[in-house]
1. Quickly run through segment B:106-129 and pick out the residues that are facing chain A (nearest Cβ under 9 Å) and out of contact with any strand residue (DSSP E or B) (no Cβ under 6 Å at 6 or more places or on another chain).
2. Going by the structure shown, is residue A:194 modelled with pLDDT of 95 or more, under 23 Å from residue A:376 (Cβ atoms) and either in contact with a strand residue (DSSP E or B) (Cβ under 9 Å, 6 or more places away or on another chain) or within 13 Å of another protein chain (Cβ to nearest Cβ) (or both)?
3. What number of residues within segment B:37-71 are more than 10 Å from chain A (Cβ to nearest Cβ), over 21 Å from residue B:137 (Cα atoms) and surrounded by 22 or more Cβ atoms within 10 Å (Cβ to Cβ)?
4. Mind counting the residues in segment A:50-74 that are in contact (Cβ under 8 Å) with a residue 24 or more places away in the chain, buried (at least 18 other Cβ atoms within 10 Å of the Cβ) and facing chain B (nearest Cβ under 8 Å)?
5. Give me the strands (runs of 3 or more DSSP E) completely within segment A:328-401, filtered to those with at least 2 residues that are within 14 Å of another protein chain (Cβ to nearest Cβ) and buried (at least 19 other Cβ atoms within 10 Å of the Cβ), ordered by residue number.
6. Could you say which residue among A:266, A:222 is out of contact with any strand residue (DSSP E or B) (no Cβ under 9 Å at 6 or more places or on another chain) and more than 14 Å from every other protein chain (Cβ to nearest Cβ)?
7. Would you please name the residue that is surrounded by the fewest Cβ atoms within 10 Å (Cβ to Cβ), looking only at residues in segment B:1-22 that are more than 19 Å from residue B:137 (Cα to Cα) and in contact with a strand residue (DSSP E or B) (Cβ under 6 Å, 6 or more places away or on another chain)?
């Protein structure tokens, strides 16, 4: 048993409050070179992160050495001594939470046979199309996350995660598809088929001229733009620091009334579902934008205390030294659904360069991956090469409907979306 | 260890220090510790790899057990991996003019606050500064008896300023990273220039999209070399058939003025004393005067593909090595920058970088400038914002018309396969004809 109590006891003498966060786990994975497994990896990992608070000064440190906790504790205290004091009203107390894990499959164990079957299934699926597999991979991990603090919080959560992905090529047309789940419900054959279809159907693309086009963004493409621009603009920290375009728009209409955006930490199929956030605050369903109206920003404890707000249970472990920072669990983009593939449009599977969007202004211009002209619900013709430019906030201002195909992509859950008259640069 | 043809162990331990300042508040500052090892074993077919945290103190007997386990992990592999011979030997880590570890974190925080303060000018609503320092001690050994050990410290900083006017937000930023020691002293001017650019961008025009001539500054031209050529020359992508440069060795794909090089032995941010397989690092001319001259390799991809030398296997601590770029650049030409602008005539000057991405199999890349200027009648005129550029690898090098005389390198991190490694990119100013520019104003 790891000496969590000892860290808390010793830390409590030296600081007002102490928090210990440990993640440890085991994963197996394998990678394909073309259709053969070229390497198999087994990883054992351990991470300890300690946070101390003394007179409002917050310190953090992390270590991969389980025996090195005293060094880590001292480094956390030293770190706190440099920090600017914060208005601080304490770490959370135990909240009597339901201890049943969400989105966890207790039957999963790291097993190479599962990996091999996932890879084989994807290769079989891709072989339905005239393409070559270039690479692929599958992984399975089980992990335990433990959070304890000097106020008596002691939470532990098991997690399981399965991934599978494959890349294909026909001529110079590429296809990529992936799946993620907490359990073994991935269908590797259909993942392979989709990657095969994308490369195969994109072969022999035609040029299009520049101009305004109606487009359908697949969930993957939509998630890229939402993740790069909309999500950071909803962080309380960015809002109060003057780094969010939505900062002064609470209660106002900021996007199409057909769209709602909320964080659902209890989602059964979510990859980041949890009943407590990264600093032990109970999570909640958080409505960020309801029918186009901006309702809430997300907060962790530090930002909430500083600006007289309440934590929304949105802390995740992405900060320096393994510390908590504002993030999200499963952000869902929702609204009325309809068939959005029927009318003519350019369908966009993915985009290249979403991370180069301007997160403040929302302006972006990206290269399109697997664009097709669609009509009557069919992929009519592949487009050889095109860019799309615009502004994420303006793009979401008027939309032409959400598809019926929700997809979990990292910590986002989004459908495809239809947009009118987007600026496409052809060649 | 029965049946193991080859093994190696790469153990990296060390510490990382950071300082994060947001609007003059020290949000966090401190030190964390890491200790990771990767054990690779090659048995009958492919790699069995173990990654282990907290490896320090592992005894020979324990290592033997781990190697046995790595051998068993490899049982599911089917690809027969061969390793090419590689030159061995380690280069000296360049000396540091001032070891960052000798300066207290308090003093470093004070300097960062002064840089941040310099960015606080009229029109700026937020400033953010960060400092990072990472000290790594690396030990490599393999079953052939190779043993290398070195220590390296990488440090640097970034400053970002946000300007606001009438609900509109823009940002300017500067960043510098180094392997040559503490680089934050006397850099207040960079804080100010980030702020001035953010304010200027509030008045900049949105760019007009379309096909036009473009001049790229050395930072963006470096990203161009990295995205448009570097990734597609990586031996693993060539081996998988996922690069348009596969099978193109010896072919002309660009104008004779274009030479593009990757060199991990240069004392720049992507420097490695030896690569992650203990191979000697050296210069690779990927494109020599417009012709595909070599690929970047690990020992495995060199054996499978040929055309080059090993020495570009790189890894994050605790991760298996991948074929990666290091210091990638376009060799300078003979023109003056003014000549490029004049020759461009009507088009756009693109400056700074917000990053880029490539699909090497399809041969299409995209990258984004931080800002730019219209070029009208051979002169730079109005400032433009949010402009990106895309292109096709096999055509684009033909469109380089001129290169200026002076090359500059810029530092950054490059992501691949979930791993981020330090790199530098560089180039002179370059003139591209017929570039596809993405802007939000219709042509």
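1. Of everything in segment B:106-129, just one residue is facing chain A (nearest Cβ under 9 Å) and out of contact with any strand residue (DSSP E or B) (no Cβ under 6 Å at 6 or more places or on another chain), namely B:106.
2. yes
3. Count: 2.
4. Of the residues in that region, 6 qualify.
5. Fully inside segment A:328-401 and qualifying: A:345-352, A:363-375, A:387-391.
6. A:266
7. Across segment B:1-22, the extreme among qualifying residues is B:5.
Residues are listed down the side, and each one gets a yes or a no for (1) out of contact with any strand residue (DSSP E or B) (no Cβ under 6 Å at 6 or more places or on another chain); (2) free of Cβ contacts under 8 Å to residues at least 40 places away in the same chain; (3) assigned to a strand (DSSP E or B); (4) surrounded by fewer than 24 Cβ atoms within 10 Å (Cβ to Cβ):
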| position | (1), (2), (3), (4) |
| --- | --- |
| B:348 | no, no, yes, no |
| B:372 | no, no, yes, no |
| B:380 | no, yes, yes, yes |
| B:386 | no, no, yes, no |
| B:394 | yes, no, no, yes |
| B:409 | no, no, yes, yes |
| B:413 | no, yes, yes, yes |
| B:423 | no, no, yes, no |
| B:426 | no, no, yes, no |
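The values are calculated or read from the model by the stated rules, or taken from the named source; none is laboratory data. A quick note: this is a predicted structure, and the numbers were derived from the prediction, not measured. Here Cβ is always computed from backbone atoms with ideal geometry, including for glycine, and neighbour counts include all displayed protein chains.
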